[in-house]
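The values are calculated or read from the model by the stated rules, or taken from the named source; none is laboratory data. Because the structure is a prediction, the values reported are computed rather than measured. Here Cβ is always computed from backbone atoms with ideal geometry, including for glycine, and neighbour counts include all displayed protein chains. When the accessible area is computed, the model is the full protein with side chains, heavy atoms only, and any ligands, DNA or RNA have been set aside. Shrake-Rupley method; radii C 1.70, N 1.55, O 1.52, S 1.80 Å.
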Amino acid sequence: AQAIWLKGKLRVGPLGIDFCAPHGSLQSYLLLAMVGTLVAVGGEVVDKVQVKTALVSVYDKTGLKELGEFLAAQKVHVLSTGGTAAKLREYGCMVQDVADYTGSPEILDGRVKTLHPKVHGGLLAARGVEKHEKDMVEHGIMPIDLVIVNLYPFREAVAKGGDFAHCIENIDIGGPCMIRASAKNNASVTICSSPSQYGKMMEQVQENGGSTTWAFRKNMAAAAYALTAAYDSSVSQWMATQVTEPPSTKTVAFEIERPLKYGCNPHQLPAGLCAVNGGKLPFEVVSGVPGYINLLDAVNAWQLVYELAKGTGKPAAASFKHVSPAGAAISVPLSETEIEVYEVKG
(Lines give C-alpha, C1' and ligand atoms only; values in the text may rest on other atoms or scores of the structure.)
Protein backbone atom coordinates (compact mmCIF):
# COMPACT_ATOMS: atom_id res chain seq x y z
CA ALA A 1 0.00 0.00 0.00
CA GLN A 2 1.12 3.57 -0.51
CA ALA A 3 0.31 6.69 1.42
CA ILE A 4 1.48 10.27 0.84
CA TRP A 5 2.41 12.15 3.99
CA LEU A 6 1.57 15.80 3.38
CA LYS A 7 0.23 18.83 5.20
CA GLY A 8 -2.84 16.90 6.20
CA LYS A 9 -3.67 13.87 8.26
CA LEU A 10 -2.72 10.23 8.04
CA ARG A 11 -5.57 7.85 8.73
CA VAL A 12 -4.97 4.28 9.86
CA GLY A 13 -7.67 1.92 8.65
CA PRO A 14 -8.19 -1.85 8.51
CA LEU A 15 -6.29 -2.12 5.21
CA GLY A 16 -3.34 0.08 6.13
CA ILE A 17 -2.69 3.83 5.97
CA ASP A 18 -4.33 6.39 3.73
CA PHE A 19 -4.27 10.17 3.59
CA CYS A 20 -6.71 12.99 3.96
CA ALA A 21 -5.57 16.46 2.95
CA PRO A 22 -7.11 19.65 1.57
CA HIS A 23 -7.01 20.07 -2.20
CA GLY A 24 -3.75 21.48 -3.53
CA SER A 25 -1.55 20.59 -0.53
CA LEU A 26 0.49 17.86 -2.25
CA GLN A 27 3.95 18.38 -0.82
CA SER A 28 6.43 17.07 1.77
CA TYR A 29 7.23 13.35 2.02
CA LEU A 30 6.45 10.06 0.33
CA LEU A 31 5.68 7.36 2.85
CA LEU A 32 5.69 3.74 1.74
CA ALA A 33 3.97 1.30 4.06
CA MET A 34 3.28 -2.38 3.59
CA VAL A 35 -0.23 -3.30 4.67
CA GLY A 36 -0.17 -4.87 8.13
CA THR A 37 3.60 -4.63 8.75
CA LEU A 38 5.67 -2.56 11.14
CA VAL A 39 7.99 0.25 10.16
CA ALA A 40 11.65 -0.18 11.19
CA VAL A 41 12.54 1.75 14.34
CA GLY A 42 16.01 2.54 13.02
CA GLY A 43 18.96 2.95 15.33
CA GLU A 44 22.69 2.64 15.02
CA VAL A 45 24.28 -0.40 13.43
CA VAL A 46 27.82 -0.48 14.75
CA ASP A 47 30.06 -3.16 13.33
CA LYS A 48 31.90 -3.90 16.57
CA VAL A 49 29.95 -4.03 19.83
CA GLN A 50 31.95 -4.47 23.02
CA VAL A 51 30.74 -7.25 25.32
CA LYS A 52 30.21 -5.56 28.68
CA THR A 53 27.13 -7.36 29.97
CA ALA A 54 26.12 -10.98 29.37
CA LEU A 55 22.94 -12.87 30.24
CA VAL A 56 23.63 -16.56 30.90
CA SER A 57 20.85 -19.05 31.57
CA VAL A 58 21.52 -22.63 30.48
CA TYR A 59 19.99 -26.03 31.14
CA ASP A 60 22.88 -27.90 29.53
CA LYS A 61 25.99 -26.98 31.53
CA THR A 62 28.42 -28.41 28.95
CA GLY A 63 31.40 -26.06 28.51
CA LEU A 64 30.19 -23.72 31.27
CA LYS A 65 33.51 -23.80 33.16
CA GLU A 66 35.54 -22.63 30.16
CA LEU A 67 32.89 -20.05 29.32
CA GLY A 68 32.74 -18.75 32.88
CA GLU A 69 36.50 -18.42 33.15
CA PHE A 70 36.55 -16.56 29.84
CA LEU A 71 33.84 -14.11 30.91
CA ALA A 72 35.68 -13.55 34.20
CA ALA A 73 38.94 -12.83 32.38
CA GLN A 74 37.10 -10.36 30.11
CA LYS A 75 35.57 -8.68 33.20
CA VAL A 76 32.08 -9.08 31.78
CA HIS A 77 29.16 -8.28 34.08
CA VAL A 78 26.98 -11.39 34.15
CA LEU A 79 23.25 -11.66 34.76
CA SER A 80 22.18 -15.20 35.57
CA THR A 81 19.70 -17.46 37.33
CA GLY A 82 19.63 -20.41 39.71
CA GLY A 83 22.21 -23.14 39.31
CA THR A 84 23.88 -21.39 36.39
CA ALA A 85 24.57 -18.33 38.56
CA ALA A 86 26.05 -20.49 41.33
CA LYS A 87 28.38 -22.29 38.91
CA LEU A 88 29.55 -19.05 37.29
CA ARG A 89 30.44 -17.60 40.69
CA GLU A 90 32.59 -20.67 41.30
CA TYR A 91 34.42 -19.86 38.05
CA GLY A 92 35.20 -16.31 39.13
CA CYS A 93 32.48 -14.35 37.31
CA MET A 94 30.95 -11.10 38.54
CA VAL A 95 27.37 -12.39 38.74
CA GLN A 96 24.18 -10.50 39.48
CA ASP A 97 21.07 -12.59 39.98
CA VAL A 98 18.35 -11.72 37.49
CA ALA A 99 15.88 -11.54 40.39
CA ASP A 100 18.02 -8.86 42.08
CA TYR A 101 18.34 -6.92 38.84
CA THR A 102 14.62 -7.00 38.01
CA GLY A 103 13.33 -6.75 41.55
CA SER A 104 11.09 -9.73 40.82
CA PRO A 105 11.79 -13.18 42.32
CA GLU A 106 11.64 -16.43 40.40
CA ILE A 107 8.06 -17.68 40.74
CA LEU A 108 5.77 -20.54 39.77
CA ASP A 109 8.37 -23.27 40.36
CA GLY A 110 10.82 -21.51 38.04
CA ARG A 111 8.37 -21.13 35.17
CA VAL A 112 8.89 -17.36 35.35
CA LYS A 113 12.49 -16.21 35.77
CA THR A 114 13.52 -13.93 32.93
CA LEU A 115 10.16 -12.85 31.49
CA HIS A 116 10.51 -9.25 32.62
CA PRO A 117 10.75 -5.85 30.86
CA LYS A 118 14.17 -5.16 32.41
CA VAL A 119 15.50 -8.32 30.73
CA HIS A 120 13.76 -8.05 27.39
CA GLY A 121 14.17 -4.30 27.29
CA GLY A 122 17.92 -4.82 27.54
CA LEU A 123 17.74 -7.33 24.69
CA LEU A 124 15.42 -5.45 22.33
CA ALA A 125 16.34 -1.78 22.79
CA ALA A 126 17.50 -0.20 19.53
CA ARG A 127 20.68 1.59 20.48
CA GLY A 128 20.99 5.12 19.20
CA VAL A 129 17.22 5.62 19.12
CA GLU A 130 16.46 8.50 21.46
CA LYS A 131 13.08 7.14 22.59
CA HIS A 132 14.57 3.73 23.41
CA GLU A 133 17.54 5.25 25.22
CA LYS A 134 15.19 7.42 27.28
CA ASP A 135 12.96 4.46 28.17
CA MET A 136 15.99 2.46 29.33
CA VAL A 137 17.16 5.23 31.63
CA GLU A 138 13.65 5.83 32.99
CA HIS A 139 13.08 2.15 33.80
CA GLY A 140 16.61 1.28 34.95
CA ILE A 141 17.31 -1.08 32.06
CA MET A 142 20.89 -2.00 31.20
CA PRO A 143 21.84 -2.99 27.63
CA ILE A 144 22.74 -6.66 27.28
CA ASP A 145 25.46 -7.42 24.72
CA LEU A 146 25.78 -11.21 24.89
CA VAL A 147 23.18 -13.90 25.59
CA ILE A 148 24.08 -17.51 26.37
CA VAL A 149 20.96 -19.69 26.45
CA ASN A 150 20.06 -23.28 25.68
CA LEU A 151 16.71 -24.98 25.99
CA TYR A 152 14.95 -27.57 28.10
CA PRO A 153 15.39 -31.10 26.63
CA PHE A 154 11.88 -31.51 25.21
CA ARG A 155 12.82 -34.11 22.58
CA GLU A 156 14.59 -36.20 25.18
CA ALA A 157 11.55 -36.09 27.47
CA VAL A 158 9.36 -37.40 24.65
CA ALA A 159 11.93 -40.01 23.57
CA LYS A 160 12.08 -41.39 27.13
CA GLY A 161 8.34 -41.95 27.09
CA GLY A 162 7.37 -39.18 29.49
CA ASP A 163 3.69 -38.73 30.19
CA PHE A 164 1.76 -35.67 29.00
CA ALA A 165 2.44 -33.56 32.09
CA HIS A 166 6.16 -34.39 32.07
CA CYS A 167 6.57 -33.47 28.40
CA ILE A 168 4.59 -30.25 28.87
CA GLU A 169 6.90 -29.21 31.71
CA ASN A 170 9.90 -29.68 29.42
CA ILE A 171 8.59 -27.14 26.89
CA ASP A 172 10.86 -24.14 27.34
CA ILE A 173 9.23 -20.71 27.36
CA GLY A 174 11.71 -18.17 28.68
CA GLY A 175 14.62 -19.59 26.69
CA PRO A 176 13.06 -19.22 23.23
CA CYS A 177 11.84 -15.73 24.17
CA MET A 178 15.37 -14.60 25.02
CA ILE A 179 16.86 -16.31 21.98
CA ARG A 180 14.39 -14.74 19.56
CA ALA A 181 14.66 -11.30 21.14
CA SER A 182 18.46 -11.38 21.00
CA ALA A 183 18.46 -12.63 17.42
CA LYS A 184 16.05 -9.89 16.35
CA ASN A 185 18.33 -7.24 17.83
CA ASN A 186 21.47 -8.64 16.18
CA ALA A 187 22.54 -5.07 15.41
CA SER A 188 23.69 -4.93 19.05
CA VAL A 189 23.33 -8.37 20.67
CA THR A 190 25.20 -11.66 20.19
CA ILE A 191 23.21 -14.83 20.85
CA CYS A 192 24.88 -18.18 21.60
CA SER A 193 22.21 -20.87 21.60
CA SER A 194 24.40 -23.98 21.85
CA PRO A 195 27.53 -24.99 23.80
CA SER A 196 29.08 -25.89 20.42
CA GLN A 197 29.22 -22.14 19.67
CA TYR A 198 31.17 -21.10 22.78
CA GLY A 199 34.59 -21.62 21.22
CA LYS A 200 33.72 -19.62 18.13
CA MET A 201 32.28 -16.80 20.24
CA MET A 202 35.32 -16.64 22.53
CA GLU A 203 37.64 -16.57 19.53
CA GLN A 204 35.59 -13.75 17.99
CA VAL A 205 35.75 -11.65 21.15
CA GLN A 206 39.50 -12.19 21.55
CA GLU A 207 40.23 -11.31 17.93
CA ASN A 208 38.22 -8.09 18.11
CA GLY A 209 39.46 -6.58 21.36
CA GLY A 210 36.51 -7.67 23.49
CA SER A 211 33.89 -7.06 20.79
CA THR A 212 31.83 -8.96 18.23
CA THR A 213 31.30 -7.96 14.61
CA TRP A 214 27.91 -7.48 12.99
CA ALA A 215 28.60 -10.25 10.47
CA PHE A 216 29.23 -12.65 13.35
CA ARG A 217 26.12 -11.51 15.22
CA LYS A 218 23.95 -12.05 12.14
CA ASN A 219 25.37 -15.54 11.63
CA MET A 220 24.58 -16.40 15.24
CA ALA A 221 21.09 -14.92 14.89
CA ALA A 222 20.39 -17.11 11.85
CA ALA A 223 21.48 -20.21 13.78
CA ALA A 224 19.32 -19.15 16.72
CA TYR A 225 16.17 -18.80 14.63
CA ALA A 226 16.84 -22.19 13.04
CA LEU A 227 17.11 -23.69 16.52
CA THR A 228 13.85 -22.22 17.83
CA ALA A 229 12.05 -23.18 14.62
CA ALA A 230 13.18 -26.80 14.99
CA TYR A 231 12.30 -26.77 18.69
CA ASP A 232 8.79 -25.47 18.03
CA SER A 233 8.41 -28.00 15.23
CA SER A 234 9.13 -30.83 17.66
CA VAL A 235 6.60 -29.48 20.15
CA SER A 236 3.99 -28.98 17.44
CA GLN A 237 4.39 -32.48 16.03
CA TRP A 238 4.18 -34.10 19.45
CA MET A 239 1.21 -31.98 20.50
CA ALA A 240 -0.65 -33.01 17.34
CA THR A 241 -0.49 -36.62 18.53
CA GLN A 242 -2.08 -35.73 21.86
CA VAL A 243 -5.32 -34.17 20.64
CA THR A 244 -8.53 -35.26 18.95
CA GLU A 245 -8.37 -32.54 16.27
CA PRO A 246 -4.79 -32.17 14.98
CA PRO A 247 -3.97 -28.82 13.35
CA SER A 248 -3.99 -28.58 9.56
CA THR A 249 -0.46 -27.13 9.52
CA LYS A 250 2.43 -29.58 9.87
CA THR A 251 6.03 -28.47 10.28
CA VAL A 252 9.15 -30.54 9.70
CA ALA A 253 12.69 -29.53 10.60
CA PHE A 254 15.64 -30.93 8.66
CA GLU A 255 19.07 -31.05 10.27
CA ILE A 256 22.04 -31.28 7.91
CA GLU A 257 24.11 -34.30 8.91
CA ARG A 258 26.76 -33.85 6.24
CA PRO A 259 27.18 -31.87 3.00
CA LEU A 260 26.69 -33.58 -0.35
CA LYS A 261 28.93 -33.09 -3.37
CA TYR A 262 25.89 -31.71 -5.23
CA GLY A 263 22.21 -32.44 -5.89
CA CYS A 264 20.91 -34.24 -8.98
CA ASN A 265 23.35 -32.21 -11.11
CA PRO A 266 26.67 -30.47 -10.37
CA HIS A 267 25.16 -26.97 -10.50
CA GLN A 268 22.70 -27.76 -7.69
CA LEU A 269 24.54 -26.44 -4.65
CA PRO A 270 24.45 -26.36 -1.72
CA ALA A 271 23.10 -29.82 -1.04
CA GLY A 272 23.02 -31.78 2.18
CA LEU A 273 22.15 -35.11 3.74
CA CYS A 274 19.53 -34.34 6.37
CA ALA A 275 17.85 -36.01 9.32
CA VAL A 276 14.25 -35.17 10.24
CA ASN A 277 13.64 -33.61 13.66
CA GLY A 278 16.81 -35.00 15.20
CA GLY A 279 16.28 -38.55 13.92
CA LYS A 280 19.19 -40.85 13.13
CA LEU A 281 20.21 -41.63 9.55
CA PRO A 282 19.69 -45.28 8.53
CA PHE A 283 23.22 -45.64 7.18
CA GLU A 284 26.76 -44.31 7.55
CA VAL A 285 28.96 -42.85 4.82
CA VAL A 286 32.24 -44.74 5.18
CA SER A 287 34.36 -42.71 2.76
CA GLY A 288 34.15 -40.07 0.06
CA VAL A 289 31.72 -37.20 -0.46
CA PRO A 290 28.59 -38.61 -2.13
CA GLY A 291 26.16 -36.68 -4.30
CA TYR A 292 22.39 -37.02 -4.24
CA ILE A 293 22.30 -39.68 -6.99
CA ASN A 294 25.02 -41.65 -5.16
CA LEU A 295 22.74 -41.86 -2.14
CA LEU A 296 19.79 -43.02 -4.25
CA ASP A 297 22.05 -45.67 -5.82
CA ALA A 298 23.14 -46.83 -2.37
CA VAL A 299 19.57 -47.10 -1.06
CA ASN A 300 18.39 -48.99 -4.14
CA ALA A 301 21.43 -51.27 -4.07
CA TRP A 302 20.72 -52.10 -0.45
CA GLN A 303 17.15 -53.11 -1.28
CA LEU A 304 18.37 -55.46 -4.02
CA VAL A 305 21.08 -56.92 -1.80
CA TYR A 306 18.54 -57.42 0.99
CA GLU A 307 16.13 -59.29 -1.30
CA LEU A 308 18.92 -61.44 -2.79
CA ALA A 309 20.29 -62.36 0.62
CA LYS A 310 16.83 -63.11 1.99
CA GLY A 311 15.87 -65.20 -1.04
CA THR A 312 19.09 -67.21 -1.40
CA GLY A 313 20.45 -67.23 2.13
CA LYS A 314 23.82 -66.10 0.75
CA PRO A 315 25.80 -62.86 1.05
CA ALA A 316 24.98 -60.58 -1.88
CA ALA A 317 26.33 -57.49 -3.61
CA ALA A 318 24.92 -55.02 -6.14
CA SER A 319 26.11 -52.12 -8.27
CA PHE A 320 23.88 -49.23 -9.39
CA LYS A 321 24.44 -46.37 -11.81
CA HIS A 322 21.98 -43.47 -12.00
CA VAL A 323 19.35 -45.44 -10.07
CA SER A 324 19.54 -48.43 -12.45
CA PRO A 325 21.10 -51.79 -11.50
CA ALA A 326 24.42 -52.34 -13.28
CA GLY A 327 25.19 -55.67 -11.67
CA ALA A 328 24.20 -58.09 -8.93
CA ALA A 329 25.86 -61.15 -7.43
CA ILE A 330 25.65 -63.69 -4.63
CA SER A 331 28.55 -65.33 -2.87
CA VAL A 332 29.68 -68.78 -4.05
CA PRO A 333 32.93 -70.66 -3.38
CA LEU A 334 35.75 -69.80 -5.80
CA SER A 335 38.14 -72.29 -7.32
CA GLU A 336 41.87 -71.85 -6.91
CA THR A 337 42.06 -70.66 -10.53
CA GLU A 338 39.36 -68.03 -9.96
CA ILE A 339 41.09 -66.82 -6.81
CA GLU A 340 44.29 -66.34 -8.81
CA VAL A 341 42.60 -64.71 -11.84
CA TYR A 342 40.57 -62.24 -9.73
CA GLU A 343 43.49 -61.57 -7.37
CA VAL A 344 41.43 -62.39 -4.33
CA LYS A 345 43.38 -61.87 -1.14
CA GLY A 346 42.69 -62.60 2.48
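Structure summary
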item	result
Counted residues, region 200-256 - those being within 27 Å of PHE70 (Cα to Cα), among the hydroxyl-bearing types (Ser, Thr, Tyr) and exposed (fewer than 13 other Cβ atoms within 10 Å of the Cβ)	0
Looking only at region 93-129, and only at residues there that are in contact with a strand residue (DSSP E or B) (Cβ under 9 Å, 6 or more places away or on another chain) and aliphatic (A, V, I, L, M), the one that is surrounded by the fewest Cβ atoms within 10 Å (Cβ to Cβ)	MET94
Qualifying residue in region 210-222 (condition: among the β-branched types (Val, Ile, Thr), in contact with a Lys or Arg (Cβ under 8 Å, 6 or more places away or on another chain) and in a strand (DSSP E or B))	yes
Per-region count, region 232-268, residues β-branched (Val, Ile, Thr) and farther than 16 Å from VAL158 by Cβ	3
Residue match in region 176-185 (condition: under 17 Å from GLN74 (Cβ atoms), in contact (Cβ under 8 Å) with a residue 12 or more places away in the chain and assigned to a loop (DSSP other than H, G, I, E, B))	no
Residues of region 283-323 that turn out to be open to solvent by less than 70 Å² (accessible area, probe 1.4 Å) and of a type in the set (D, E, K, R), as a count	1
Some residue of region 257-272 being in a strand (DSSP E or B) and open to solvent by 90 Å² or more (accessible area, probe 1.4 Å)	yes
Members of region 130-146 that are closer than 20 Å to ALA224 by Cβ and surrounded by fewer than 19 Cβ atoms within 10 Å (Cβ to Cβ)	PRO143
Candidates VAL299, VAL305 - the one that is within 33 Å of the chain's Cα centre (by Cα), at pLDDT 85 or above and among the aliphatic types (A, V, I, L, M)	VAL299
Tabulated pairs, region 118-140, first basic (Lys, Arg), second open to solvent by less than 20 Å² (accessible area, probe 1.4 Å) and part of a loop (DSSP other than H, G, I, E, B), C-beta under 6 angstrom, 6+ apart or interchain	ARG127/SER188
Selection within region 47-61 - under 14 Å from TYR91 (Cα atoms) and either open to solvent by 70 Å² or more (accessible area, probe 1.4 Å) or among the small types (Gly, Ala, Ser) (or both)	LYS61
Qualifying residues in region 324-346 (those that are open to solvent by 60 Å² or more (accessible area, probe 1.4 Å) and of a type in the set (Val, Ile, Thr)) - the one nearest to ASN265 (Cα to Cα)	ILE330
Residue that is least open to solvent (accessible area, probe 1.4 Å), among those in region 80-92 that are in contact (Cβ under 8 Å) with a residue 24 or more places away in the chain and over 19 Å from ASP172 (Cα atoms)	LEU88
Condition check for LYS280: without any contact (Cβ under 8 Å) to a residue 12 or more places away in the chain and among the basic types (Lys, Arg)	yes
Search result, residues across region 191-209 that are out of contact with any Leu (no Cβ under 6 Å at 6 or more places or on another chain) and part of a helix (DSSP H, G or I)	PRO195, SER196, GLN197, GLY199, LYS200, MET201, MET202, GLU203, GLN204, VAL205, GLN206, GLU207
Residue check for ALA230: at pLDDT below 95 and in a helix (DSSP H, G or I)	yes
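A quick yes/no check of all residues on (1) in contact with a helix residue (DSSP H, G or I) (Cβ under 8 Å, 6 or more places away or on another chain); (2) within 30 Å of TYR152 (Cβ to Cβ); (3) aliphatic (A, V, I, L, M):
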site	(1), (2), (3)
VAL286	no, no, yes
LEU308	no, no, yes
ALA316	yes, no, yes
SER324	no, no, no
SER331	no, no, no
LEU334	no, no, yes
